[in-house]
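Undergrad: Starting off with a structure, shown below.
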Amino acid sequence: MKTVNHWIGGKTVEGASGNWGPVTDPATGAVTTQVALASAEEVDSAVAAAKAAYATWGTSSLAQRTAVLFRYRALLDARRDDIAAAITAEHGKVHSDALGEVARGLEIVELACGITTQLKGELSTQVSSRVDVSSIRQPLGVVAGITPFNFPAMVPMWMFPLAIACGNTFVLKPSEKDPSPANLLAELAAEAGLPDGVLNVVHGDKVAVDSLLAHPDVAAVSFVGSTPIARYIHTTASANGKRVQALGGAKNHMLVLPDADLDAAADAAVSAAYGSAGERCMAISAVVAVGAIGDELVAKIRERAEKIKIGPGDDPASEMGPLITRAHRDKVAGYVTGAAAQGAEVVLDGTGYTVEGHEDGHWIGLSLLDRVSTDSDAYRDEIFGPVLCVLRAETYDEGVALINASPFGNGTAIFTRDGGAARRFQLEIEAGMVGVNVPIPVPVGYHSFGGWKDSLFGDHHIYGNDGVHFYTRGKVVTTRWPDPADAPSGVDLGFPRNH
């Protein structure tokens, strides 16, 4: 059986805690790997390695850092198929989807390659007689990232490339459900010339997480995951004096107005709801149909959903893979089996789906629930699976009010041909990311990603300008120098005396 160990100080370090976690192939249900679960002492070792590396990396030149990052970007590009294969093997998503994940992570590496521009300071000269004021940004020290299972390569790349470009050193605690991609990313960073200890990977469970949150040498923590855990991370790390950005869960809505292109809206709904088996925080999980278009829109969504090919992620014919674990599959199925009793019309029920030859895999088909009520479990909870809820609203205002009443505020979208309605929507909707005829409005790398309300805890969004600010702290320097012409008698620096 394959074993995944820690990566500390530029090398593989075997797990010493005696605790191991199982890693399954979601397509077969078989345990293929065991991952070391770190003790508090092993976390201390990783933080110590990062702290030692910071002594030189934190004062290294921008030219040195960007040279490493440019080489890293080239290696990631050359090995993107290998990274995607590692994702598919442990997460289960189809290869094309895994390749897309790597591509989106590469965007942030490219942003980090341009850190010389992002870290430029400000200067005001002659604010008073012979007085100048400058503002600079400096790294924090050792920072940590705790990342989820659904994007085991992309989300880490949202964090550590920018953090190390800013001069910090990094300790990554990836999901123990699919740990291998994180180690591969670290190995490639070492191959690119990243000094030992600048990037470390410790695998583990709550023991490792709590050790990072309490560690006195960790200055900041980045997190992506569910809302309850995001709230816990923010509360605990803040209480220990750390800077925190904690991105939580979502219930992303898509408002479809009567004038929308319903074929385009149905295509978008299927892609955004069922892509990556719905295991993404930017998935559209609730469509709000306005006016009389609901029945036609649901019919179009159903027609497209029934054609989606579900199968193993390494099968080129598959468009959607299995869910990450058997327990998660059963949890998702529970929302569908209980929907009718809570008033929903079950248009598609995917709970009985299996794949021939892979019957023990974590399979579930696509489910579509219509006329869902806002007080039902399927609507209130983040399901994180291929279940799409359709709600009905009579007017634009009613639809916006419904969406704004949600405790989540991650992303949302509107489908319409009316520019005035779209403009109102982007101003009135209470969410951090908005799409206009774009179902998954994940921003490009040089803008920041993050939600509102219970979808974000902390003041900073992730990557983009917010990411640079999160991984640095500002310093203002006020300077006064005597003019050489005012030098004491007997010292002549060649300046005229008649100024």
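Undergrad: Exposed loop sites here are trypsin sites (Lys or Arg not before Pro) in DSSP loop states with at most 16 other C-beta atoms within 10 Å. What is the longest stretch of the chain lacking them? The partial results should precede the final answer.
TA: On the way: sites that count: Lys120, Arg130, Lys307, Lys309, Arg371, Arg417, Arg497.
Between exposed loop sites, the widest span is 131-306.
Undergrad: Using Cα centres only, tell me the gap between the stretch 95-110 and the stretch 203-231 in whole Å.
TA: Taking the Cα centre of each part, the stretch 95-110 and the stretch 203-231 sit 25 Å apart.
Undergrad: Would you give the gap between the C-alpha center of the stretch 4-80 and the C-alpha center of the stretch 415-465, rounded to a whole Å?
TA: Here the answer is 32 Å between Cα centres.
Undergrad: Could you pull the Rg and Dmax for the stretch 104-155, using just the Cα atoms, both in Å?
TA: Over the stretch 104-155's Cα set, Rg and Dmax evaluate to 17.9, 57 Å.
Undergrad: Once neighbouring chains are kept in place and the probe is 1.4 Å, which whole percent of the accessible area of the chain is contributed by carbon and sulfur? Working shown, then result.
TA: Values: 10440 of 20050 Å².
Accessible surface attributable to carbon and sulfur in the chain totals 52 percent.
Undergrad: Label points 7 Å out from Cα along the Cβ direction at Asp77 and Thr12: separation in nm?
TA: 2.9 nm
Undergrad: Could you work out the helix-only [θ] at 222 nm for the chain, with each DSSP H run of four or more residues adding -39,500 (n - 2.57) and the total divided by the number of residues, to the nearest 500 deg cm²/dmol?
TA: Rounded to the nearest 500, the figure is -11000 deg cm²/dmol.
Undergrad: Sticking with this one: Once a ≥ b ≥ c are taken as the square roots of the eigenvalues of the Cα gyration tensor of the stretch 288-392, is the result rounded (a/c under 1.5), prolate (a/b larger than b/c) or oblate (a/b not larger than b/c)? List each step's numbers first, then the result.
TA: Working: a/c = 2.58, a/b = 1.50, b/c = 1.72.
Note, shape of the stretch 288-392 comes out oblate.
Undergrad: Taking a ≥ b ≥ c as the square roots of the eigenvalues of the Cα gyration tensor of the stretch 170-218, is the shape rounded (a/c under 1.5), prolate (a/b larger than b/c) or oblate? Please list the in-between numbers first.
TA: On the way: a/c = 4.56, a/b = 1.38, b/c = 3.32.
It comes out oblate by the Cα gyration axes.
Undergrad: Select from Ala230, Ala98, Pro161 the residue farthest towards the positive end of the dipole of the chain; place +1 on Cβ of Lys and Arg, -1 on Cβ of Asp and Glu, and compute about the Cα centre.
TA: Towards the positive end, the residue furthest out is Pro161.
Undergrad: May I pose another question? Using alpha-carbon pairs under 8 Å, 6+ residues apart, how would you state the relative contact order of the chain in percent?
TA: On the way: 1178 pairs, mean separation 89.7, N = 499.
For the chain, the relative contact order is 18 percent.
Undergrad: To check you understand DSSP bridge types, tell me what percent of the beta bridges within the chain (both residues inside) are antiparallel, rounded to 5.
TA: Antiparallel bridges make up about 40 percent of those DSSP assigns within the chain.
Undergrad: Looking at the stretch 14-61, which GluC sites (Glu not before Pro) are in a loop (DSSP not H, G, I, E or B) and have at most 13 other Cβ atoms within 10 Å?
TA: On the way: sites: Glu14, Glu41, Glu42; in loops: Glu14.
Answer by residue number: Glu14.
Undergrad: Now, a different point. Using a/c under 1.5 as the rounded threshold, could you call the stretch 129-243 rounded, prolate or oblate? The axes a ≥ b ≥ c are square roots of the C-alpha gyration tensor eigenvalues, and prolate needs a/b larger than b/c, oblate otherwise.
TA: Values: a/c = 2.21, a/b = 1.33, b/c = 1.66.
In terms of gyration-tensor shape, oblate.
Undergrad: Taking only Cα atoms, what is the 0 to 90° angle, nearest 10, from helix 40-57's long axis to the longest principal axis of the chain?
TA: Tilt relative to the chain: about 50 degrees.
Undergrad: If you fit an axis through the alpha-carbon atoms of helix 294-305 and take the longest principal axis of the Cα set of the chain, what angle between them do you get, 0 to 90°, nearest 10?
TA: Roughly 80 degrees between the two axes.
Undergrad: Can you tell me the 0 to 90 degree angle between the C-alpha axis of helix 326-337 and the longest principal axis of the chain, rounded to 10?
TA: It works out to around 50 degrees.
The values are calculated or read from the model by the stated rules, or taken from the named source; none is laboratory data. The shown structure was predicted, so the numbers you read here are calculated from the model rather than taken from an experiment. Methodologically, a virtual Cβ is constructed for each residue, glycine included, from the backbone with ideal geometry; neighbour enumeration extends over all protein chains shown. The accessibility values were calculated without ligands, DNA or RNA, using every heavy atom of the protein model including side chains. Shrake-Rupley method; radii C 1.70, N 1.55, O 1.52, S 1.80 Å.
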